Amino acid sequence: MRAAKLRTKIILFTALLIVLVISGSFFLVNRVVKGQIRTRLVRDLERSQLTLEQTQTNRLRELVAYSIIASENSTLKAAVDTYQTEMSSSSPVLLQLQRTVENEAGKLIQILSSIDLLIITSNSGDVITVQGIPARVVPKNLSLSSQPSVINSLSANPLGYEKAASLWQFRDKVYRIVSVPILLQDNIIGTLSSGFEISANLVRSMKSNTNSEIVFYAESGIIASTLSSAQNQALLDSLKTGGSQESLPSSAQQSELSLNGETFLSLRVALGGSSSGHFMILNSIDQAMQGIMGGIKQSMVLTALFSVILATLLGWGLSQSFTHPLINFVEFMDGITQTGDLSKKFRSPSPNYEVDVLARSFESMAHSLEESQAESARYHEELRQNQFNEEKLRTLAMRSRLDALISQVNPHFLFNALNTVGVMIDENPVEAQRLTVKLANIFRRTLQVSEKEIISLQEELNFIADYLEIEKARFGERLQVEQRVQVQNAKIPCFTLQPLIENAIKHGAAPKIGTTTIQIDVTQWNGRLTIRVTDNGVGIPRPKLDSILERGYGLRNLIDRLTIHYRSDFTWKVESEFQQGTTILLELPSQPPDYPAPAAA
């Protein structure tokens with residue numbers, strides 16, 4: 001059985017060590033790979049940003065070229081100029097002129113099939129016609145005078161058309177537009193704006209070029225996205241609340257965020273100017289990790305299984321070569337323990353270097369112990385034959401007397417405690433079980449304390465606490481204890497308080513009908529310790545008080561022990577009134593001498 005247990009421990013320990021090494025390696029590889037993936041994704045985001053910006057730039061240049069070509073249409077120029085001239089006079093042909101502008105704009109948007117929106121405005125930015133959106137949804141008196149691209153076209157010192165390109169939000173759609181002036185003899189008579197819609201198809205085409213998730217959001221929310229609807233909602237919530245994004249050191253625009261449990265590395269790309277919309281490029285860290293770590297994890301799992309099997313076989317072989325010699329050695333030591341023959345030699349049927357070294361060391365130790373026993377026997381024989389001087393004999397006699405007095409306390413106290421537990425067994429078995437544990441603690445402390453003559457006051461109080469637990473179980477509510485201790489670092493002879501408490505219970509509480517309160521007061525002043533134990537029990541009649549030391553050995557035993565320790569450097573007093581209670585007062589030094597003083601010659 002012992003061999004099986006040891007063998008099992010060796011195998012389990014070896015297998016566990018292999019699993020821990022594999023697990024640690026996996027976590028280390030996971031951390032390193034995650035760092036490398038993060039670095040790679042940062043580069044991918046930057047490449048995607050360049051691709052996205054280049055795509056936007058190319059598209060805007062295309063729009064600028066289309067707009068310039070369209071603005072040179074002479075029919076359109078004439079219609080716009082005439083419309084603005086007649087507009088100030090409220091001419092009845094104004095509606096006809098507007099229709100002419102709309103017809104020319106309609107022809108242009110059919111020719112320029114790659115644009116989604118065409119807007120013609122006056123030189124004040126008021127919209128004359130919008131093509132690409134049904135006319136019934138375009139409100140009257142619509143003005144684009146606040147659009148950056150229109151402002152740029154009407155400016156005397158315009159910026160580049162691409163820099164001035166802006167976003168136009170209409171209903172639930174967003175358009176990226178550029179504007180060019182419509183010139184007639186170097187005079188700006190209006191603007192022509194062309195644009196494309198930022199839609200789901202657009203971001204999907206961008207994703208195919210960048211291999212990243214693309215999201216466009218504006219003030220009204222997410223306009224187009226290649227993410228799932230649940231991830232879009234999580235992203236929208238994060239954008240509205242500010243999110244819990246961990247800023248990355250590589251770029252101020254980069255961040256890490258979690259969408260429905262999936263972690264993304266994101267890059268925010270502003271469109272420039274005063275636009276209120278932005279693109280966000282996202283690369284999934286989890287998908288990248290899964291793609292790389294999937295194969296690594298499978299390989300490590302197979303490696304771990306193979307390693308565990310190999311470790312089991314190696315552990316089995318190692319245990320076989322070690323446990324058998326070890327068991328033989330344990331049986332050899334058991335034989336010495338049972339017979340006491342220290343001269344026996346270890347003989348192993350299956351030699352093992354480590355166990356043999358251990359056996360040789362044990363045999364050497366046994367030989368030394370045998371010699372020590374012989375030397376000790378000779379020493380004790382000589383010691384018995386030596387004559388001690390008178391001072392040593394007196395000290396030995398006093399020490400023997402003290403040990404005899406302490407030995408009287410232990411049986412007397414333990415008899416009373418066992419009697420209390422015995423009574424509780426029939427009345428309350430559960431409480432008796434608890435008290436048995438307390439009694440075991442008392443036995444243990446009694447054995448420990450009785451080996452020392454002097455103990456700390458706190459050790460004595462701990463002993464009293466366990467003792468009172470048993471007595472309280474015996475007397476119930478009839479016994480109350482109050483304790484006031486104002487002492488630091490005091491030491492007293494062992495079993496100083498116990499007989500005082502025992503007398504208070506035995507002669508004060510036990511005979512009384514009703515509740516008895518025992519007060520324990522310990523104070524310290526000027527190197528002296530005052531111990532006062534008071535009870536309101538039945539008290540002691542005056543005739544019996546005079547012969548109190550002759551009534552029992554508990555108090556007499558205590559006084560005898562204190563006399564040995566302190567000689568005359570202590571006082572004691574008993575005060576009692578019949579039916580009123582009893583007080584026992586002790587006054588002794590706070591730190592007793594280490595050894596009892598020798599008696600006078």
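Observations
- Number of residues in segment 107-137 that are assigned to a loop (DSSP other than H, G, I, E, B), among the polar types (S, T, N, Q) and surrounded by 17 or more Cβ atoms within 10 Å (Cβ to Cβ): the value is 1.
- Apart from one condition, V487 fits all of (1) modelled with pLDDT under 80; (2) more than 21 Å from I505 (Cα to Cα); the exception is (1).
- Sole exception among (1) modelled with pLDDT of 85 or more; (2) assigned to a loop (DSSP other than H, G, I, E, B) for G273, by number: (1)
- Selection of segment 508-551 for residues being more than 53 Å from the chain's Cα centre (by Cα) and within 22 Å of E460 (Cα to Cα) yields G508, A509.
- Qualifying residue in segment 45-58 (condition: surrounded by fewer than 17 Cβ atoms within 10 Å (Cβ to Cβ) and either at pLDDT below 70 or not in a helix (DSSP H, G or I) (or both)): no
- Where helices (runs of 4 or more DSSP H) fall wholly inside segment 141-215, the ranges with 3 or more residues that are more than 30 Å from R43 (Cβ to Cβ) are 148-154.
The values are calculated or read from the model by the stated rules, or taken from the named source; none is laboratory data. Here the structure is a predicted model, which is why all the values come from computation and not from measurement. Methodologically, a virtual Cβ is constructed for each residue, glycine included, from the backbone with ideal geometry; neighbour enumeration extends over all protein chains shown.
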